[in-house]
Amino acid sequence: MGLTEADGKNVTGRMTIKSVLWLMAGVLALTGPACHRKAKEAAPLQRKEAANYASEAEFAVTLKDFARAAQLYTQAAGICPDDAGYWMNAGFCRRRLDQRAEARKAYEAALGIYREAASRDRTNLEPVTQEIRVLALLGRVDEAKSVLEKARSAHAGKPGVQNLTAQSLDAMIADPGFKALMP
């Protein structure tokens with residue numbers, strides 16, 4: 001039997017709708033700021049959750065369960081879309097599953113993150129070298145060589161720059177293991 005008002009009408013339906021509206025308002029109030037947060041910012045708790053997914057994915061890779069690993073890395077990347085490593089690992093697993101389009105999308109996401117990191121901190125050579133690697137994985141060799149030459153001139157004299165050569169890039173691309181990861 002439903003709740004009644006003083007005049008005896010059944011108001012169960014109205015209470016349910018009212019309760020649902022209040023619940024929705026509460027959920028929006030709690031999640032509102034998170035919805036307006038930049039997509040690439042993850043809270044510390046979210047980073048821990050993503051790290052747990054990545055840890056499970058690493059275990060799945062050891063078992064050669066690439067489908068499970070790809071799913072877990074993708075979940076981690078969804079939680080922390082600013083972590084290029086999750087995208088790269090998702091791409092590697094997708095490629096092992098011969099899901100070339102999905103691997104390409106994951107690599108493209110990682111490329112964007114590396115480019116953004118390189119533009120933010122022009123003194124750090126690591127994101128630039130990763131950008132070159134991902135461009136090569138995507139088959140954009142001319143673009144990779146162009147970025148390589150710019151990096152050599154911008155970072156001349158830094159340790160590791162002497163290893164950035166067109167020949168080393170060509171050798172990397174020729175490596176069968178590297179080719180196996182290309183989408």
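The values are calculated or read from the model by the stated rules, or taken from the named source; none is laboratory data. Just so it is clear, the model here is predicted, and its values are computed rather than measured. Please note: Cβ atoms are built from the backbone with ideal geometry, for glycine as well, and neighbour counts cover all protein chains shown.
Could you grab the pairs with beta carbons closer than 7 Å, sequence gap of 6+ or different chains, first residue in region 143-158 and within 12 Å of T129 (Cβ to Cβ) and assigned by TED's automatic domain parsing to the domain that holds Q130, second one in a helix (DSSP H, G or I) and among the small types (G, A, S)? These pairs meet every condition: A144/A136; L148/A166.
I'm trying to understand the selection: among the residues of region 90-123, which are in a loop (DSSP other than H, G, I, E, B) and either surrounded by 13 or more Cβ atoms within 10 Å (Cβ to Cβ) or touching a Leu at 6+ places or on another chain (Cβ under 8 Å) (or both)? Of everything in region 90-123, those that are in a loop (DSSP other than H, G, I, E, B) and either surrounded by 13 or more Cβ atoms within 10 Å (Cβ to Cβ) or touching a Leu at 6+ places or on another chain (Cβ under 8 Å) (or both) turn out to be L97, Q99. One residue stands out in region 124-145 among those that are hydrophobic (A, V, I, L, M, F, W, C) and part of a helix (DSSP H, G or I): the one that is farthest from D83 (Cα to Cα), namely V141.
Among the residues of region 151-168, the one identified as outside any helix (DSSP H, G or I), under 29 Å from the mean Cα position of the chain (by Cα) and exposed (fewer than 10 other Cβ atoms within 10 Å of the Cβ) is P159.
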